[in-house]
Amino acid sequence: MTTLLEMSGISKNFDGFQAITNLSLQIGEPELRAVIGPNGAGKTTFMDIITGKTKPDEGRILFGDDSRSLIGMSESEIASLGIGRKFQKPTVFEAQTVRENLAMALKNPRAVFSVLLYRKTSKGAERIEEIADEINLTDQLTRPAGELSHGQKQWLEIGMLLAQSPRLLLVDEPAAGMTAHEREHTTDILKKAAKTRAVIVVEHDMEFVRRLNCKVTVLHEGSVLAEGSLDHVTKNKTVVDVYLGRTDAGD
Amino acid sequence: MSQTPPPRKSFIVRNPSVLYFLAALALFTVFVAVMSEATGTGLISTSFVKTLGKTLCFCLIAIAMDVVWGYCGILSLGHFAFFGIGGYAIGMWLMYARTELIVAQSLAGQVIPPTQQEVTDAIGKQIFGVVGSSDFPAIWMFADSLFMQLAIVVLVPGLLALVFGWLAFRSRVTGVYLSILTQAMTLALALYLFQNDSGLRGNNGLSGLQNIPGFADSGQDVISLVFFLASAAALALGYVVFAWITDSKLGNIIQAIRDDESRVRFLGYHVESYKLFVFTITAIVAGIAGALYYPQAGIINPAEVAPIASIYLAVWVAIGGRGRLYGAVIGAALVSLLSSWFTGGGAPDIDLGFYKIQWVDWWLVLLGVTFALVTLFAPKGIGGLFDKLVRKS
Ligand SMILES: Nc1ncnc2c1ncn2[C@@H]1O[C@H](COP(=O)(O)OP(=O)(O)OP(=O)(O)O)[C@@H](O)[C@H]1O
Ligand SMILES: [Mg+2]
């Protein structure tokens, strides 16, 4: 396992609110990593920073074999390097069909004129079928994405991630609003994806995280509180106080 | 996977509405041609042929507006600026070339043949006399060349859209701010043209554009029919091109940009380039539509690019139904024809006894109310209702 992403000393302040404080983290390739933490811990902001949506005040982010700095790159440049993202609130293009959604995500040239002149290939169509099978949406390919159930939209978004063939997948709360059965399938998709690439999953549901069976990073107030196996971090006294304690009381 | 992907169908099979549209347009064109004065039947007057030809130009700019707004989600309220620039560009040649012929005729009788300078001065005096000048401004330097002015019809709207769009999209100006910016653009153009020293005859504008140089012997009945046919051909071509663009994968991307622009960025697409492409190509089509429109209107003046014109354009497309090209055509044709019927005194005034509804004044109110009703109760416009009917049968 080689290092794919290295963040160090990242800080971000939103108008006086310190969302991320001196955050450092390393992800290997391939690796599956769960990131947990109470509401407002900075998990989504952490993904915003990697994907270029939010510019950090300090720190560096290096990605890939030649350790390219992601700081200052645009969202589309970062995405083109091979970093895909699923949002906390599922965002698929509701007016377009499942197939069109997947086709847009497929790894193909992204320049205006190549897209204008793009001709569908049988290879692309096969890949779409393959992904649709993996995310259980084979029967839904011709339906507008807006008609899917909440869980199916989450899967479609994961499918769009897979279609991009990224090296790093950032998945924000993939199991939110899913039935127990759907959750199980989602863990399978993520575990399979993580065999060949780096996958970071943010999730609140402990059962889900346990099933992922991977290294866990606990975020609290914008920095890493603990790291290790789920059993290891849940034994940590501070983690129990700030996170598990709070979840028992609140969520 | 056992299921093999369906074979790729051709563009026309996937978009039968394109064929229906072309067939309807062809029928309409033949009908008007047969009924026109030029063919001798004269059931449709020459002035009405012109009205219909102008309406086709409105339909052309309306489908451009539909692509930029209905498909890509950029509510441009400035596309009539490009339409006007197209009109001015062709108008300059029409005016110059015709004046040149007239001057040549009147000087032909002289004993001493006039020098080139005298001819140019005489043309200048004819054209710019109304603004108290006789010198040719620099922007008229290509006015004697039809080819150059036709190039300007395409290039100036294209370049203006490219520069304006680049500045606006790069700074991620979106939504209502972008709409206001486009209004400012067309307002600035109108204010510039209103000045007498703009070189384009201030508020007089360019006139006599219905007289095509070299065709003085052809009557307006023939000329109007030729322009009507040219407008129909341009609309057909524009429709096919836009249908092809919106059907391509780029069509998927621009609709995705309309629905969630930032999500498209995270898929790795450079959203600004896509917007710039759509904004520019629709501006060029708007310029071409204007170049076909004004020879039929006969006159262009700065009021044509006033901000309100572009707002009407958005209203046509909204009433016709965004995101479907035939919707834009229906909206533009219906609303602009009704508008000239109501404001031209065609609609009978309604006497309520205590108050007389004069449509010249009340048409705008009716249009506004219709617009509000459509927005509230039929957000997909007339085209959307049309879709429902077709699906049911
Ligand atoms: N753009 C912003 N401007 C101001 N404050 C922000 C911004 N984005 C995030 N924050 C704040 O930063 C903190 C961290 O937010 P973030 O969304 O990263 O939390 P999270 O760990 O994803 O929480 P949750 O589990 O609820 O999704 C929150 O207090 C939030 O209000
Ligand atoms: Mg979050």
Taking θ = phi - 60°, what integer Hz values does the Karplus form 6.51 cos²θ - 1.76 cosθ + 1.60 yield along region B:171-188, in sequence order, with x for Gly and Pro?
7, 6, 7, 9, x, 5, 5, 5, 4, 5, 4, 5, 5, 4, 4, 6, 5, 4
Show me, bin by bin at 10 Å from 0, the whole-percent P(r) of chain B based on Cα pairs.
5, 20, 29, 25, 14, 5, 2, 0, 0, 0
Nearest-ten-degree value, helix A:180-193 long axis tilted from longest Cα axis of chain A
80 degrees
Less than 20 Å apart at the alpha-carbon level, and either on another chain or at least 8 residues along: which lysines does that give for A:K55?
A:K12, A:K43, A:K86
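How much FRET efficiency would the formula 1/(1 + (r/R0)^6) give for A:R119 and B:L334, where r is the Cβ-Cβ distance and R0 is 25 Å, rounded to 0.05?
Numbers: r = 37 Å, r/R0 = 1.48.
Taking R0 as 25 Å, the efficiency between A:R119 and B:L334 is 0.10.
What's the FRET efficiency of B:A188 with B:I112 using the Cβ-Cβ distance as r and R₀ = 45 Å, to the nearest 0.05?
Working: r = 47 Å, r/R0 = 1.05.
Here the calculated transfer efficiency is 0.45.
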Kirkwood Rh (inverse of mean 1/r, distinct Cα pairs), the protein assembly as shown, angstrom
28.4 Å
GNM on chain B, C-alpha springs below 10 Å: top fluctuator among B:T115, B:T280, B:T246?
B:T115
Before we go on, tell me the buried accessible area for the B/A pair, both chains summed, 1.4 Å probe, in Å² to the nearest 100.
3100 Å²
Inter-label distance, nm, simple model (7 Å from Cα along the C-beta direction), B:V176/A:D205:
4.0 nm
Compute the angle between helix B:381-392 and the longest alpha-carbon principal axis of chain B, please, reported from 0 to 90 degrees and rounded to the nearest 10.
50 degrees
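Hey, what number do you get for chain A at 222 nm if only DSSP H runs of n ≥ 4 count, each worth -39500 (n - 2.57), divided across all residues, to the nearest 500? Mind dumping the intermediate values first?
Numbers: 10 runs with 88 residues, N = 251.
Per the formula, -10000 deg cm²/dmol.
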Among B:L107, B:M95, B:G219, whose Cα projects farthest towards the positive end of the dipole of the protein assembly as shown, with charges put on the beta-carbon of Lys, Arg (+1) and Asp, Glu (-1)?
B:G219
Quick shape check on region A:21-60: root eigenvalues a ≥ b ≥ c of the Cα gyration tensor, a/c under 1.5 is rounded, otherwise prolate if a/b tops b/c, else oblate, and it reads oblate
Within the set B:A286, B:A297, B:A314, GNM on chain B using Cα springs under 10 Å gives the largest fluctuation to B:A297
Just to check I understand the Karplus step: with θ = phi - 60° and J = 6.51 cos²θ - 1.76 cosθ + 1.60, what whole-Hz values come out for region B:238-248, glycine and proline as x?
x, 5, 5, 4, 5, 5, 5, 4, 6, 7, 6
For chain A, find the longest principal axis of its Cα atoms and tell me its angle to the long axis of helix A:150-163, 0 to 90°, nearest 10.
80 degrees
Averaged over its residues, how many other protein chain Cβ atoms are within 10 Å of peptide A:76-89's Cβ atoms?
3
Give a residue-ordered list of calculated ³J(HN,Hα) values for region B:34-50 (Karplus: 6.51 cos²θ - 1.76 cosθ + 1.60, θ = phi - 60°; whole Hz; x for Gly, Pro).
5, 7, 6, 5, 4, 8, x, 6, x, 6, 10, 5, 4, 5, 6, 4, 5
Long-range amide H contacts for A:T97: which residues qualify at under 5 Å (H placed 1.01 Å from N, peptide plane, sequence gap of 5 or more or a different chain)?
A:A145
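Please tell me the relative contact order of chain A in percent, rounded to the nearest whole number, where contacts are Cα pairs under 8 Å and at least six residues apart. Write down the numbers at each step before the final one.
On the way: 450 pairs, mean separation 67.0, N = 251.
The value is 27 percent.
Using Cα pairs closer than 8 Å and at least 6 residues apart in sequence, work out the relative contact order for region B:151-308, in percent. Don't skip to the end; give the middle numbers.
Numbers: 123 pairs, mean separation 81.2, N = 158.
Relative contact order comes out at 51 percent.
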Hey, what did chain B get for relative contact order, percent, Cα under 8 Å, at least 6 apart?
30 percent
Dimensions (Å) - region B:15-78, Cα atoms, principal axes, largest first
46, 30, 10
I want to verify a result. In a Gaussian network model of chain A, Cα cutoff 10 Å, which of these has the top mean-square fluctuation: A:T187, A:T97, A:T179?
A:T179
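Which order do B:H79, A:H181, B:H270 take when ranked by solvent-accessible area (1.4 Å probe, heavy atoms of all protein chains), largest first?
A:H181, B:H270, B:H79
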Given H placed on each backbone N at 1.01 Å, which residues far from B:L77 in sequence or on other chains put an amide H within less than 5 Å of it?
B:T182, B:Q183
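The values are calculated or read from the model by the stated rules, or taken from the named source; none is laboratory data. A quick note: this is a predicted structure, and the numbers were derived from the prediction, not measured. Backbone-built Cβ (ideal geometry, glycine too); neighbour counts: all protein chains shown. Accessible surface areas use protein heavy atoms only, side chains included; no ligands, DNA or RNA. Shrake-Rupley method; radii C 1.70, N 1.55, O 1.52, S 1.80 Å.
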